[in-house]
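Colleague: This structure is in structure tokens; I'll ask about it shortly.
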Amino acid sequence: MKPVLLLVGALAFIAATTQAGKPPLPYDADNHHYYTIKINNLDITSPQEIASHLGVEYIGQVGELTQYHAFSYPKTTHEKRADVTAFGFDGRQNNSTSHDIVLQRYQQLRESKVFHRELLQRSYNSMNGLSKRGEEQLDSSNSPKALDLHPLGPIDKQVLRRRVKRELAVGVERRYEFVKGEDQPADGMAAHFAIKDPGFRYQWHLHNTRQPGNDINVTGVWEQGITGKGAIVAIIDDGLDANSEDLAVNFNAKGSYDFNDNVAIPLPQLWNDDHGTRCAGEIASAKNDLCGVGVAWDAKVAGIRILSGPITDIQEAEALNYNFQETQIYSCSWGPTDNGIEMAGPTGLLLDAFINGVTKGRNGKGSIYVFATGNGGRDGDNCNFDGYTNSRYTISIGAISRANHHPDYSEACSAQLAVTYSSGDNSWIYTCDRGKRDCYNRHSGTSAAAPIAAAIYALVLEVKPELNWRDMQYLTVYTSVVVDEMDPDWQETSTGRLFNHKYGYGSLDAYAIVELAKRWTSVGPQVAYESPVINVDGDIPSGTDENTGITGEIGLPSVFVVTKEALQAVKFGSLEHVTVTVNIAHHYRGEVEVELRSPDSIISILAPQRPHDNTTTGFEDWTFTTVKHWEEDPVGAWTLTVYDRVNASNTGTFLNWKLGLYGEIENGRLPTPPSLPSPPPPSPTTPASIPEKTGEAGKANGDEGQVQIKISPFIFVMFGGMFVAIGAALFLMYRQRTNPRSMFGSGINDDEEAGQRGGLLGRRGDYEFDELPTHELGDSDDESDADVRQDPDARRIVFDRSNLADSDHEGGAKEAKANQHHQREIASPLSSGEEIGRESSFEDAEEDDEDDEDDDEDDEDDDFRDHPGGAGSKVKGDSWDEFSTLVKSKDAR
């Protein structure tokens, strides 16, 4: 237990000392009401001044949003006792604002003529560069009638709201270290990438051997060493278990925070706080001996905890921009309730948090928000009724099954860019789980799809980190692969691409998107064209009336024509997102259908029927989004048709609508060659190689990409001379080793004597031990030859350096030779070495201790007989020649 506590303490210390950006605001919902005010002009007023007017306490700036500021007001005793923690059907706290004293005071302040005139005076002085001391008083001649924008923007009282995780209930959860997943035939891919994680064999979404090709095609990316290095992905969820051995090495403490408990490290606390850890495992589970691996196993993951309890818009806005200069991608597998009834999305503060993220995050390149489309498909829900997934600032990702089918839980909509793998067809996603060494085999829903997409984008950013947030959307559109080709909803757009409301532009392909990113040219700034409000005020034909012949099938259409001149006025270039904001009154909202037809007759289903949605409020300024018209020519008639085909008794009115076109500024960038087709993954039975690109890759734009290099003749001369010099040096080295006497004199130094003969093994006293190859030993009639060959020490030859006198001491050579036998008798085994006692090639084969040392002739005869190369020696032929060469070179010195 102590090591765990020490680890948690260390993580908390690291996070505290490396706090990212602005620290979250203090929050005490039990004792205070909280409000946010958007101040449009901080040059003429301040949040402190507003707090003094309202009688509230100023708390601070909301996260990274410079215009939003938070204030608090203490609750009364009656309010504390009231049940203000109850939540309504839409997940909002039942906290009435009709008699709120702070809201009343703020409205009075905004309408105050005295305060307004004071603000006008400050604005005039600011524009004219006047200080307060030298200010010019306003009168009828110089006074502006009103400020262009009131400095006091909207005020919002903060209420607690719940967000829902988009994971399916799977019954009994099985999670432990050795939990098994769906087995599939092994093919050696794990060994090829040195993956020892036992659960890799269950991660079919990474490498599918049962249904080859039905995976994210990532092995070709790994083959290039691209594993997410340098990328940081934040998991906005219910926490992240930094103690998991599969995540600890990639945990990013600086980008992490717990907004539910207001602590630095977002460790899971509740019994069901496991969703975020599982999502993080899909992205960055490490290569080790545990569970499986992440798509980008070298990416860093941060945890931002907001789903373990109700939160306010302040906390959510802080989370969406937390550490947004360093964190690149935010993976969000949550949203409003997926019940086919709710219709909610970010507005005001939260909408501005997204805008702030894409405009200022990553030093202006923009944060990348990845959202799961939702699991309400079985209830007839649609992701265009979710303001998070249909936002043009997010990338919406749906799910497909292992068989490339549409799971019935995954919501379809026109705002969905792409899909990737998750549960379905009795298959699930295998990942790590909460716990030190726990794994999980049933991660599911669109919750499991969005993190895989985020991980693929992490691979892309390793290759090209300078890509902006819209570049990633373009890359997704260009490289997604069509699946389930027989589905009838596939429609070819005017650009030649296929789109399906269930699949978007298709399944994400990791290899294709990374390859295109390498040569992608970033898009230019985004521009917008918005139509005026188009009033309709017509009754929607409902059901079928046999008496009048009116039928709901005809719908109520409204047409708006976009002209070329209008687009030129805003320098509109290439179309990306199309939005439609509607006001429709209806007694049963779920019966209403909305379709948009483009000038090229491409139809986007903005709102299908939702049978469970019996809401009577209709649509109030609700914005739908479609990406089906990407890069289509927007000039011409856009037709919005509202249908009610169900029940004639439930009637409604189409009030008005507004068209929004968003795209790249004209001439914003150079065209990028079309994407490459995805190659098959590397073969596991042979050394894998980088998948080859198709032959069309270099021919996308004529000769573009073919680089011609002119080489100077001097280069050839230089390299030719270099090769000649190297060859000569190698030849000289070879000659020196094979015939030392022929190279620059004797060619061997005293210290290199033994080294030239095979490598010095050791030295004791005046003896050196060298080793000769076995084939250099001469033949011998000695019966002990077999033993000598078997004993490795017998192959050692002992060279007595004391017998090699320098030329300056030739006079003492005979005396040394006369005393040779006497030295052998008194030599210590410790100084001369044990090898001296063994039979050696450089010793006498038989030693006669009784010879007369004074007889010079006998000594010479014995020396000749017993000398290496003599009749009694075991060293024959070349070995003796080499020895003679050494001795003669010594004598020459």
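The values are calculated or read from the model by the stated rules, or taken from the named source; none is laboratory data. Owing to the predicted nature of the structure, the values given are computational and were not obtained by experimental measurement. Glycine also receives a Cβ, built like all others from the backbone with ideal geometry; neighbour counts cover every protein chain displayed. SASA here: full protein model, heavy atoms, side chains in, ligands and nucleic acids out. Shrake-Rupley method; radii C 1.70, N 1.55, O 1.52, S 1.80 Å.
Colleague: Filter segment 616-634 down to residues that are surrounded by fewer than 17 Cβ atoms within 10 Å (Cβ to Cβ) and either β-branched (Val, Ile, Thr) or at positive phi (or both), then give me how many there are.
Modeller: Final tally of qualifying residues: 3.
Colleague: Can you pull out every residue in segment 227-250 that is crowded, with 21+ Cβ neighbours inside 10 Å and hydrophobic (A, V, I, L, M, F, W, C)?
Modeller: Correct list: Ala231, Ile232, Val233, Ala234, Ile235, Ile236, Leu240, Ala242, Leu247.
Colleague: Within segment 458-466, does at least one residue satisfy the condition of being in contact with a strand residue (DSSP E or B) (Cβ under 7 Å, 6 or more places away or on another chain) and within 21 Å of Gly220 (Cα to Cα)?
Modeller: yes
Colleague: A further question on this structure: Determine, yes or no, whether Glu664 is open to solvent by 30 Å² or more (accessible area, probe 1.4 Å) and of a type in the set (Asp, Glu).
Modeller: no
Colleague: Only one of Pro674, Pro599, Pro634 is modelled with pLDDT under 95 and under 22 Å from Gln416 (Cα atoms). Can you tell me which?
Modeller: Pro674
Colleague: Okay, next question. Is it the case that segment 187-208 has a residue that's in a strand (DSSP E or B), open to solvent by 10 Å² or more (accessible area, probe 1.4 Å), among the aromatic types (Phe, Trp, Tyr) and touching a residue at least 40 places away in the same chain (Cβ under 8 Å)?
Modeller: no
Colleague: Between residues in segment 329-340 that are within 20 Å of Trp469 (Cα to Cα) and residues that are part of a loop (DSSP other than H, G, I, E, B) and open to solvent by less than 10 Å² (accessible area, probe 1.4 Å), which pairs lie under 6 Å by C-beta distance while being six or more apart or on different chains?
Modeller: As it stands, the answer is Ser333/Arg166, since those pairs meet every condition given.
Colleague: Next question, about the same structure. Out of curiosity, is Ile534 under 23 Å from Pro599 (Cα atoms), open to solvent by less than 30 Å² (accessible area, probe 1.4 Å) and out of contact with any Pro (no Cβ under 9 Å at 6 or more places or on another chain)?
Modeller: yes
Colleague: Hey, can you tell me all the residues within segment 306-331 that are under 27 Å from Ile155 (Cβ atoms) and not in a loop (DSSP other than H, G, I, E, B)?
Modeller: Those that are under 27 Å from Ile155 (Cβ atoms) and not in a loop (DSSP other than H, G, I, E, B): Ile311, Asp313, Ile314, Gln315, Glu316, Ala317, Glu318, Ala319, Leu320.
Colleague: Among the helices (runs of 4 or more DSSP H) contained in segment 1-115, which hold 2 or more residues that are modelled with pLDDT under 55 and loosely packed, with under 13 Cβ neighbours inside 10 Å?
Modeller: Where helices (runs of 4 or more DSSP H) fall fully within segment 1-115 and carry at least 2 residues being modelled with pLDDT under 55 and loosely packed, with under 13 Cβ neighbours inside 10 Å, they are 2-17.
Colleague: Report the residue count in segment 430-476 for those that are under 20 Å from Phe251 (Cβ atoms) and open to solvent by 10 Å² or more (accessible area, probe 1.4 Å).
Modeller: Qualifying residue count, segment 430-476: 6.
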